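Reading through the structure tokens given below for one structure.
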Amino acid sequence: AVTADNYDLFFKDNGSVGTASVTVVAKNNSAYTGSKTVNFKIVARSISGASVSGISDKTYTGKAITQPVNVTAAGRTLAAGTEYTVAYSGNKAIGKATVTITARGNYSGSISKTFTIKPAKGAIKSLKAGKKKMTVKVKAQSGAKYQIAYKVKGAKKYKTVKVSGTSKTIKKLKKGKTYTVKVRAYKAIDGKTYYGAYSKTKKVRVK
């Protein structure tokens, strides 16, 4: 075998995916002469085992939620846009959102991660009195169900009712009495129920 002190190596196009070459050139003071060039392929590195950070659970905003994603492969932080792209699905409504990271350039493959969008603090859109009844309208949070809590003046505990829609008429109330009302959103995600904070209370006098 020819020892390394007898030649120099010169590489070309070896910084990215594609065909690269190495040229072996004999040193002037060695026992050898001439040179030889050999081509070789550089293939994309898979990101299947890459580390992804920056993804965490979020609270509902009514808008599409994105994350400051960071991807590290083989100890190197990849460049967003040139070495990977990020796409989202289900990232507006309350529930489970998916982040898909797709490699580009010198990297190949894709990784999917998820995060939970939790209910935000509830809000009462309107509260109207009727004859021994009241109608509660809740400010909508996409993907959520709602819990309405109410109590008559003087009562210590709230009664609660769960609704799928954003409007509920509660009947069989006491005539002429004042009721305090509050609402919150909730959603069961992967077997766990997430509750948003209750809204500010509002009062209504039943007819």
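The values are calculated or read from the model by the stated rules, or taken from the named source; none is laboratory data. All of these numbers come straight from a predicted model, not from anything done at the bench. Using ideal geometry, Cβ is built from the backbone for each residue, glycine included, and neighbour counts are taken over all protein chains shown. Heads up: the accessible areas ignore ligands, DNA and RNA and are worked out on the full protein's heavy atoms, side chains in. Shrake-Rupley method; radii C 1.70, N 1.55, O 1.52, S 1.80 Å.
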For this session: Could you figure out which of (1) under 21 Å from Lys92 (Cα atoms); (2) surrounded by fewer than 12 Cβ atoms within 10 Å (Cβ to Cβ) isn't true of Ile55?
Result: (2)
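For residues that are outside any loop (DSSP other than H, G, I, E, B) and hydroxyl-bearing (Ser, Thr, Tyr), scanning just the range 139-175, find the one that is farthest from Lys121 (Cα to Cα). Don't jump to the end; show me each part of the working.
Within the range 139-175, the first condition is being outside any loop (DSSP other than H, G, I, E, B), and the residues that meet it are 145-152, 159-163, 167-170.
Now narrow it down to the ones that are hydroxyl-bearing (Ser, Thr, Tyr): 146, 150, 160, 167, 169.
Values: Tyr146: 11, Tyr150: 17, Thr160: 17, Ser167: 17, Thr169: 21 Å.
Residue satisfying both the conditions and the ranking: Thr169.
Can we say Ala80 is touching a residue at least 60 places away in the same chain (Cβ under 8 Å) and hydrophobic (A, V, I, L, M, F, W, C)?
Working: touching a residue at least 60 places away in the same chain (Cβ under 8 Å): no; hydrophobic (A, V, I, L, M, F, W, C): yes.
No: the conditions fail for Ala80.
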Exercise. Among the residues of the range 35-52, which ones are touching a residue at least 24 places away in the same chain (Cβ under 8 Å), surrounded by 11 or more Cβ atoms within 10 Å (Cβ to Cβ) and farther than 20 Å from Ser112 by Cα?
Worked result: Ile42
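Outside any loop (DSSP other than H, G, I, E, B), in contact (Cβ under 8 Å) with a residue 12 or more places away in the chain, open to solvent by less than 70 Å² (accessible area, probe 1.4 Å) and closer than 18 Å to Ile117 by Cβ: does that describe Tyr179? Give the steps one after another, and end with the answer.
On the way: outside any loop (DSSP other than H, G, I, E, B): yes; in contact (Cβ under 8 Å) with a residue 12 or more places away in the chain: yes; open to solvent by less than 70 Å² (accessible area, probe 1.4 Å): yes; closer than 18 Å to Ile117 by Cβ: no.
It is false that Tyr179 is outside any loop (DSSP other than H, G, I, E, B), in contact (Cβ under 8 Å) with a residue 12 or more places away in the chain, open to solvent by less than 70 Å² (accessible area, probe 1.4 Å) and closer than 18 Å to Ile117 by Cβ.
Against the condition closer than 30 Å to Pro119 by Cβ and in contact (Cβ under 8 Å) with a residue 60 or more places away in the chain, how does Thr66 come out, does it pass? Even if it seems obvious, please write down each step before you answer.
Working: closer than 30 Å to Pro119 by Cβ: yes; in contact (Cβ under 8 Å) with a residue 60 or more places away in the chain: no.
No.
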Problem set entry | Unmet requirement for Lys131, which otherwise passes all of (1) more than 21 Å from Thr61 (Cα to Cα); (2) touching a Lys or Arg at 6+ places or on another chain (Cβ under 6 Å); (3) surrounded by 15 or more Cβ atoms within 10 Å (Cβ to Cβ) | (3)
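For the condition of a type in the set (Lys, Arg) and surrounded by 12 or more Cβ atoms within 10 Å (Cβ to Cβ), what is the one hit in Lys153, Lys168? Lay out the reasoning, then the answer.
Values: Lys153 fails: surrounded by 12 or more Cβ atoms within 10 Å (Cβ to Cβ).
Criteria check complete, one pass: Lys168.
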